[in-house]
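Below you'll find the structure, written out as structure tokens, and then a few comments.
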Amino acid sequence: MDTKIELFDSSTIEQLIWPNSEEGLFAKKLLIPLVKDGAASYFHNIKTEMMVLKVDDLVLPITINDFESDNSYVCSFYNYYVGLGSINASIIKNKLLRYLVTKALKTLGKILKLGKIDKIVSVNNWLFSTNLYPKLNDSQILSIREFIQEKFPKHAIVFRSINKVDKNSPLSGLRNSKFHLIASRQIFLNDTKETTFFESRLFKGDLKLLEKTDYLLDDLKNDFESTKILGLYNEIYVDKYSKLNPQLNEKFVKLLIQHQIFNFKILQKNDRIDGVIGYYSAHGVMSSPFFGYNTKVPQQANLYRLLSTVLTLEAKNKKHLYNQSSGASFYKSIRKATATIEYSAVYFKHLPFSNRMVWKTLKIVVNTFGIQWMKKY
């Protein structure tokens, strides 16, 4: 049976017949505004052209880029490997090693720019740090590759957020369609159907902490506090970690709340919000792209631990695989989350020789030296 593929842009998105499913409704509420208004209307640092592929009865957002400076890493390989890499290099204590890594990254950056590394079409790019996948069969993946290759012959084709643990992640199909796997980061996942995790001493301690806290856990269903919760998100994602993380604006936060695209929960005390999570589920997997807390509150309040416990319980109630993304590796690993390397799958066989060589160079450097780096930093 042939795969049917249609492409919708800002002028045709209203003509798309969305799948009659929970995932279809989620996609419709999120993607119509992003495609019609443009990502720049909702993010301070995402510059991309956004369209939607309909593949049989599935909808997948795609982003089209050339090279846009200061772009978030969700649309930029250059800023992912060179920008974020430089931030991680700055925390290396050994001065000589820090110097050598910094110089190597500068050299790699020049090579990547020459090879037009950011001239890419990213498939299933929701503009989140973690993209969740529907089940795609081999025929669909090959059809997507051939379709995009014909429409955008000068662009590499990318699938981000590929891993070996999530059964929906189309790893084998991408390999069969001759995509190259390039390591991106170490992530952590919890299979919440496994009861042993919830019987552990650590998790029981997390539950006790949540039960005894004087914070009130509540749903956030109106956008009156959008400015406040955006500030908490920025404290963690932007100020603490990196300005290359997606920088949402208040318009986007209001969209997420008003249309119930994310499930938001807050921790508050004396009418003051000190913590927030925003999560969603798709195809049996849960992810939380929105996470923030008041860093000025003493660590004894355990805000990170409280919010993380709430998320784990939400995934348990849904019986979903919980993709915890990256970061806080010690916290997650001692709670027996499964650590695995996440990859970007890239197809570049149709590109000029010089561009192909740059992609192959990146693959060799990252997969040879980068994986141990990702596990450590």
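Just so you know, all these numbers are worked out from the coordinates, no wet-lab data involved. Source: prediction; values computed, not measured. Please note: Cβ atoms are built from the backbone with ideal geometry, for glycine as well, and neighbour counts cover all protein chains shown.
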Helix-only [θ]222 nm of the chain, DSSP H runs n ≥ 4, -39500 (n - 2.57) each, per residue, nearest 500
-10500 deg cm²/dmol
Dipole size in debye (nearest 20) for the stretch 190-338 around its Cα centre, Lys and Arg Cβ +1, Asp and Glu Cβ -1?
340 debye
Could you run the Karplus curve 6.51 cos²θ - 1.76 cosθ + 1.60 with θ = phi - 60° over the stretch 252-260 and give me ³J(HN,Hα) per residue in whole Hz, x for Gly and Pro?
6, 4, 5, 4, 4, 6, 4, 9, 6
Using θ = phi - 60° and Karplus 6.51 cos²θ - 1.76 cosθ + 1.60, couplings along the stretch 82-95 (whole Hz; Gly, Pro as x)
8, x, 5, x, 5, 5, 5, 5, 5, 9, 5, 6, 6, 4
Listed here are the pairs K110/K296; K36/K106; K135/K332; K178/K240; K29/K119; K29/K193; which of them are more than 31 Å apart at the Cα?
K110/K296; K36/K106; K178/K240
Let me see the pair-distance distribution of the stretch 201-273: every alpha carbon pair, 10 Å bin width, integer percents in order.
17, 39, 33, 11, 0
Under a cut-off of 13 Å between alpha-carbon atoms, report the aspartates and glutamates in cross-link reach of K319, not counting same-chain residues fewer than 8 places apart.
D191, E194
Karplus-derived 3J(HN,Hα), 6.51/-1.76/1.60, for each residue of the stretch 314-324, Hz, glycine and proline x
4, 5, 5, 4, 7, 6, 9, 5, 9, 8, 8
I need the semi-axes of the equivalent ellipsoid of the stretch 190-338: take the C-alpha gyration tensor, multiply each eigenvalue by 5, square-root it, list largest first in whole angstrom.
24, 18, 15
Using semi-axes √(5λ) of the Cα gyration tensor in Å as the read-out, say which of (1) 58, 29, 23; (2) 32, 26, 20; (3) 36, 23, 19 was calculated from these coordinates.
(2)
